[in-house]
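Only one structure is covered here, and it is reproduced in the block below.
What follows is calculated from the coordinates using simple rules that are stated; it is not laboratory data. Keep in mind the model is a prediction, meaning the values are calculated, not measured. Here Cβ is always computed from backbone atoms with ideal geometry, including for glycine, and neighbour counts include all displayed protein chains.
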Amino acid sequence: MKLTEKMWNCLTWDVARLFTLDKSELEKLRGNWVAKVIACIPYLAECRNPEKTALKHLGIYIESISPSTKSLYAHRKEDDISPFKRLEPISQFKGGKRTIIEKGMNLLALISLEDHQHDLEEDRMTGKYNPILSGAWDYTMTKQSLVAAIEKVPCTEMDNMMHFGTWGFWNTGK
C-alpha cells in the first residue's frame, strides 16, 4: 500500500497537533523527505496498522530533531556498534514485508551516515562526537554495504520518493 499525499497530510496534521507545531513547522515537516521515508515504510511494507506505526515513528523523529530533546538522540560511542543502533526506537513493525522494512531501515542508516559525513568539519571544530571522525566507522565501506543492501530490494515507490542515488540529504530542510 502506498502512502498517499492525503494520508501524509493527515499524519502530519496529527503530529502537528500532538507536538503543537505552528503552521510553518507543519509545512517544514510536510516538506521533510526523511520524515516521509519514516512514515512510508509501514505502508509500503504492508504492516498491520501502518498509520499507528507511522505516527509513533514520526513522533520519535520529531523528538530527535527538536531543539529541546535533540541531545538525547545524539550519536554516542555506544551507538558505534552499528549504523542501526540509533534507529532502534523506530524499528518496531507489526507484520509486513521484512525486505521492504529492511530496505527502508538501510536507507535511514545511509541518511544518518551521510549526515555524519557532511558534518565532519563542523563536528571536528565543535568537538561533537562523530563515528566517522573517531574512526569507529569507515565511511566508504559502510556506504557501499548500505547502498548494496538498498539496491538489492526492488521498491519503485521508495526509490522514486527518495530520488534514489542523490545523497544530498542535508539540503532537504531537515
Work out the charge dipole of the stretch 5-164 with +1 on the Cβ of Lys and Arg and -1 on the Cβ of Asp and Glu about the Cα centre, then indicate which of Met7, Leu72, Tyr139 is farthest towards its positive end.
Met7
Report the residue, chosen from Phe19, Phe84, Phe93, that carries the largest GNM mean-square fluctuation when the chain is represented by alpha-carbon nodes joined by springs under 10 Å.
Phe19
Under a Gaussian network model of the chain whose springs join Cα atoms within less than 10 Å, the largest fluctuation of Lys23, Lys85, Lys143 belongs to Lys23
Helix-only CD estimate at 222 nm, as mean residue ellipticity for the chain, using -39500 (n - 2.57) per DSSP H run (n ≥ 4)
-18000 deg cm²/dmol
Row for the stretch 3-92, column shape: gyration tensor on C-alpha, a ≥ b ≥ c, rounded if a/c < 1.5 i.e. under 1.5, prolate if a/b over b/c, else oblate; value oblate
At a Förster distance of 45 Å, what's the computed FRET efficiency of Glu51 paired with Asp138, Cβ-Cβ distance as r, to 0.05?
0.75
Given the pairs Lys52/Lys85; Lys23/Lys97; Lys128/Lys152; Lys23/Lys77, which span a C-alpha to C-alpha distance of over 30 angstrom in this model?
Lys23/Lys97; Lys128/Lys152; Lys23/Lys77
Geometric extent, Cα atoms of the stretch 5-164 - Rg, Dmax (angstrom):
15.9, 45
If I take R0 = 30 Å and measure r between the Cβ atoms of Lys2 and Thr69 in this structure, what FRET efficiency does the formula 1/(1 + (r/R0)^6) give, to the nearest 0.05?
0.45
So, R0 is 30 Å and r is the distance between the beta-carbons of Glu121 and Glu27; what FRET efficiency does that work out to, to 0.05?
0.50
